[in-house]
Amino acid sequence: MKFGKSVCIINVGGTKYAFPKDVIKDFPLRRVSRLHSCASEREVLEVCDDYDRERNEFFFDRHSEAFGFIMLYVKYGKLRFVPHMCELSFYNEMIYWGLESSHLEFCCQRRLDDRMSDTYTHFIEEHHGTDDEFRTDASSNGKRDSKWLERMRRTFEEPTSSLAAQILASVSVIFVIVSMVMLCASTLPDWKTAESNIVEEHRYTDSLEHPSGIIEAVCIGWFTAECIVRFIVSRDKCEFVRRPLNIIDLLAITPYYISVTMTVVTGENSQLQRAGVTLRVLRMMRIFWVIKLARHFLGLQTLGLTLKRCYREMVMLLVFICVAMAIFGALAQLLEHGLDLESGNEEYASIPAACWWVIISMTTVGYGDMYPITVPGRVLGGLCVVSGIVLLALPITFIYHSFVQCYHELKYRSARCTRSLSAEFLN
């Protein structure tokens, strides 16, 4: 902040809070911390409702009691609902100040999820400074990009933003499906035999002369063009490169161009090059194109966001399974083989082999490829199965509520984008 005094006063609904300027810079609430980067009074008024230069006081016309509970979270690290206040209203205040539902205590998260599930009510999330934010202020968009560039960006990034975006998304999905079908078909024995015969007949010709090569080239061409256009119209090029989906796109496209480059440099037929282990591994990475469908389907986006927010619970679940696998694996090896080395069950000759039986017994009904034959081993197997049911069920409730919330948030964000574009065309 390049103006005002060294002490900043935050006035929220009549309740004042005084902070040093240095504290504002790293304040846990995103809206408050944005004040530090404001270089003019005009930028300040984009963050708060009013500003008094003489007293260096920032006014926010928000719920003062809700902000008091939010300040308790800043101080103590625990966020709970205000008594006798609607959960959805408090959630709206959280979003305004830059918090998410994941900051709430677990009991409050469940209350919020149940309320949102019952009412199907969602709020506008103000993620300033992120790529997935759509600013409806025409003047803000005009400062950075021209109108056609913004429309192009929405067309490629938001499949529900317009009819052209829906058509583009449908074509992209078709290419992904065709590419996956060709990849799966290329592993069939009859396909490999036919491909080998073609290689023998056209040893010195390029694979693009064959139907499979032509289809592969067309799919790669489409994905390459789509990736280049999305990179050109992106707001932040560095952030674009760091996105996981874009990294997957690059990893899926690169093997094809490596194969073509080697064909040009060495003159060797690209079909023969694919016999190499390295290129076969790289070519199989095209299976990651399935993840591209997450751009166009809300369900996959919800799954990804849920895994991102519940990574602690997923790690906890993995630890539970690993601990149980180690314990039951060692006991199964001892009871089935270790006590009688001569006539013991050879399928349990080692702890790693027993761990395989434990993991399939805890997570499924078992394959039947190995099973205990002694009475103590069968009793242990029953305990293993019951333990697996209990351990897998423990974090499911939290993951379920997080999934419901993520689905509602993404659904509302998609609907908001559609309404914003409709209003833009009507104006």
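The values are calculated or read from the model by the stated rules, or taken from the named source; none is laboratory data. Since this is a predicted model, take the numbers as computed values, not measurements. Cβ: placed from backbone, ideal geometry, glycine included. Neighbour counts: every protein chain shown. Remember, those area values only see protein heavy atoms, side chains included, never the ligands or the DNA or RNA. Shrake-Rupley method; radii C 1.70, N 1.55, O 1.52, S 1.80 Å.
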>> For a quick check of your reading of the model, give me the residue pairs whose first member lies in segment 231-253 and is within 20 Å of L305 (Cβ to Cβ), whose second is among the β-branched types (V, I, T), with beta-carbon atoms closer than 8 Å and at least 6 apart or on different chains.
In response: L245/I291; I247/V241; I248/I291
> Within segment 355-381, which residues are open to solvent by 50 Å² or more (accessible area, probe 1.4 Å), free of Cβ contacts under 8 Å to residues at least 24 places away in the same chain, closer than 28 Å to L394 by Cα and not in a loop (DSSP other than H, G, I, E, B)?
Replying inline: W356, R378, V379
> Does segment 10-33 hold any residues that are in contact with a Phe, Trp or Tyr (Cβ under 9 Å, 6 or more places away or on another chain) and either surrounded by 17 or more Cβ atoms within 10 Å (Cβ to Cβ) or not assigned by the TED database to the domain that holds W97 (or both), and which are they?
Replying inline: I10, N11, V12, F27, L29, R31, V32
> Just one of the numbered conditions (1) loosely packed, with under 14 Cβ neighbours inside 10 Å; (2) over 30 Å from the mean Cα position of the chain (by Cα) is not true of G77; which one?
Replying inline: (2)
> Of the residues L245, L307, L251, which single one is at pLDDT 75 or above, surrounded by fewer than 18 Cβ atoms within 10 Å (Cβ to Cβ), within 15 Å of the chain's Cα centre (by Cα) and not assigned by the TED database to the domain that holds H401?
Replying inline: L245
>> Could you tell me how many of the residues in segment 335-346 are buried (at least 18 other Cβ atoms within 10 Å of the Cβ), without any contact (Cβ under 8 Å) to a residue 24 or more places away in the chain and assigned to a helix (DSSP H, G or I)?
In response: 1
> Within segment 76-105, can you find the residues that are more than 25 Å from D49 (Cβ to Cβ) and either in a loop (DSSP other than H, G, I, E, B) or among the basic types (K, R) (or both)?
Replying inline: G77, K78, R80, P83, H84, E105
> Right, P352: loosely packed, with under 12 Cβ neighbours inside 10 Å and either at positive phi or not assigned by the TED database to the domain that holds M116 (or both) or not?
Replying inline: yes
